[in-house]
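First comes the structure, then the notes that go with it.
Rule-based calculations on the coordinates, nothing more; no lab input. From a predicted model like this one, the values you see are computed outputs, not experimental measurements. All Cβ positions, even for glycine, are placed from backbone atoms using ideal geometry, and neighbour counts span all protein chains on display.
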Amino acid sequence: MPTRLYSDVQMLDHQPGDGHPERPARIAALLSGLRERPVPGVSWHTAREATHEELLRAHAPRHLRLLQAAEGQSVSLDPDTHTSPDSVQVARLAAGATIQAVESALAGTPAFALVRPPGHHAERDRVMGFCLINNVVAAAEAALASGLVERVLILDWDLHHGNGTQRHFEGRDDVLFFSTHRFPFYPGTGALHERGHGAGEGHTINVPLPSGVGDGDLRLAIDAVLRPAADRFRPQLVLVSAGFDPYHEDPLGDMRVSIEGFASLCDAALDIARTHAQGRIALTLEGGYNLTGLTEGVRACLEVLEGATPPPTPAPGRGERAVMEAMRAHAPLS
Ligand SMILES: [Zn+2]
């Protein structure tokens, strides 16, 4: 089935301020880059705003009231997170587009929500790290609320730890949250010992990595740590918090991932979706602040979703030890 893209030119209207890395040019580059040189088979679809009911599954009423109060205003809600008059509406659009991508995946068509602002740092009651609404949480909750699936895997390969997503699901066993990220680094969470609690024990898997890791390290993390956990969990839907800030030229991190590396990560996610979830997969954009890494990384993922085979992934490098440690920490007790 041809991959569906959900986006909207309105996403240019969130302006967090001059010099802010999470800038309108990110979406502008994606819209123009993918329209000038389209990936054959991919279709574009306009985003809709998430409803109040959909947002309430991800956030406390108090949080939604705070956002409502920021509508039409230019305010700083957190040291890194600022709004312009249209920002809250754009954030609802980002969450809505991610939910649309999930609805597409559930109907059998892979989808990618090309959105901003990103979402994975936003907590139930807290705006944080460029994020106003946690898009992937709202989308996973929408999938579970549909009654069509009971188990959802969220794979977060952004440079940063998806603290908001982890926090939301860490006490539950219906979502397996897997994150690779630089550590120690912003936002400070994502240590190996954070494994979920109560019914969610073992359903949070963090692979904290040193700076400078590359394609082979991240792919090994998926193959050696996520894969066995996914085989036990048997997800019925795979969601990806796709951040392109592990790119080797990204200004925010110090990772070494190439465009081919993102293709390899997407290929691994798709393989898990095909094995367990009838191919149901949806991706949503998180970070990525080098416009080439962002646009070409997304393109590489779309090509994989459309059937391309990525080139062989190189051997792991300086992240191998950390991945092996995570593998031992998450191995089932026998
Ligand atoms: Zn990030």
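Based on a Kirkwood Rh over C-alpha pairs, give the Stokes-Einstein translational diffusion coefficient of segment 1-92 at 37 °C and viscosity 0.692 mPa s in µm²/s. List each step's numbers first, then the result.
Working: Rh = 14.9 Å.
My calculation gives 221 µm²/s for D.
Ranked highest first by the average count of other Cβ atoms within 10 Å around their residues, in what order do 103-111, 150-158 fall?
On the way: 103-111: 20.4, 150-158: 23.9.
So the order, starting with the most tightly packed, is 150-158, 103-111.
Quick one: compute the contact order of segment 106-245, relative version, from alpha carbon pairs under 8 angstrom and 6+ residues apart, as a percent. Numbers along the way, then the final one.
Numbers: 263 pairs, mean separation 34.7, N = 140.
After rounding, I find 25 percent.
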Averaging sequence separations of C-alpha pairs under 8 Å and six or more residues apart, then dividing by the length of segment 4-330, give the relative contact order as a whole percent. 18
Amide H neighbours of residue 240 under 5 Å, counting only residues 5+ apart in sequence or on other chains, H built in-plane at 1.01 Å? 155, 282, 283, 284
Using a 10 Å cut-off on Cβ atoms, rank the peptides 128-136, 180-188 from the highest mean neighbour count down. 128-136, 180-188
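Report the equivalent ellipsoid semi-axes for segment 4-330 in whole Å, largest first, defined as the square roots of five times the eigenvalues of the gyration tensor built from alpha carbon atoms.
On the way: eigenvalues 136, 94, 81 Å².
Largest first, segment 4-330 gives 26, 22, 20 Å.
Could you calculate the FRET efficiency of residue 10 with residue 328 from 1/(1 + (r/R0)^6), where r is the beta carbon distance between them and R0 is 51 Å, rounded to 0.05?
Working: r = 47 Å, r/R0 = 0.91.
Efficiency, rounded to the nearest 0.05: 0.65.
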What are the residues whose amide H is under 5 Å from the amide H of residue 82, where those residues sit 5 or more places off or on another chain and H is modelled from the backbone? 77
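For each of 232, 227, count neighbouring Cβ atoms within 10 Å of the residue's Cβ, then give the residues from fewest to most. The partial results should precede the final answer.
Working: 232 9, 227 15.
Going from least to most buried by this count: 232, 227.
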Between the alpha carbon centres of segment 153-221 and segment 71-99 the gap in Å comes to 25
With charges set only on the Cβ (+1 for Lys and Arg, -1 for Asp and Glu), what does the dipole of the chain come to about its Cα centre, in debye to the nearest 20? 440
Which residue fluctuates the most in the chain, going by a Gaussian network model with Cα springs under 10 Å, if the choices are 11, 255, 324? 324
The chain - Cys residues lacking any other Cys C-beta under 4.7 Å: 131
Tally the DSSP beta bridges in the chain and give the antiparallel ones as a percent, rounded to 5. 10
What list of ³J(HN,Hα) couplings, whole Hz, do you get for segment 98-115 from phi and the Karplus terms 6.51, -1.76, 1.60, once you set θ to phi - 60° and write x for glycine and proline? 5, 5, 4, 4, 5, 4, 5, 4, 5, 8, x, 10, x, 8, 10, 8, 8, 10
Summing +1 for each Lys or Arg and -1 for each Asp or Glu, what net charge is found among the other residues whose Cβ lies under 11 Å from the Cβ of residue 304? -4
Explain nothing, just compute: Karplus ³J(HN,Hα) = 6.51 cos²θ - 1.76 cosθ + 1.60, θ = phi - 60°, for every residue of segment 175-191 in order, whole Hz, x for Gly and Pro. 10, 9, 9, 10, 9, 9, 6, 5, 8, x, 5, 4, x, x, 8, x, 5
Lys/Arg +1, Asp/Glu -1 at C-beta; segment 4-330 dipole; positive extreme among 262, 128, 105: 105
Structure-based [θ]222 nm, the chain - -39500 (n - 2.57) summed over DSSP H runs of at least 4, per residue, nearest 500: -11000 deg cm²/dmol
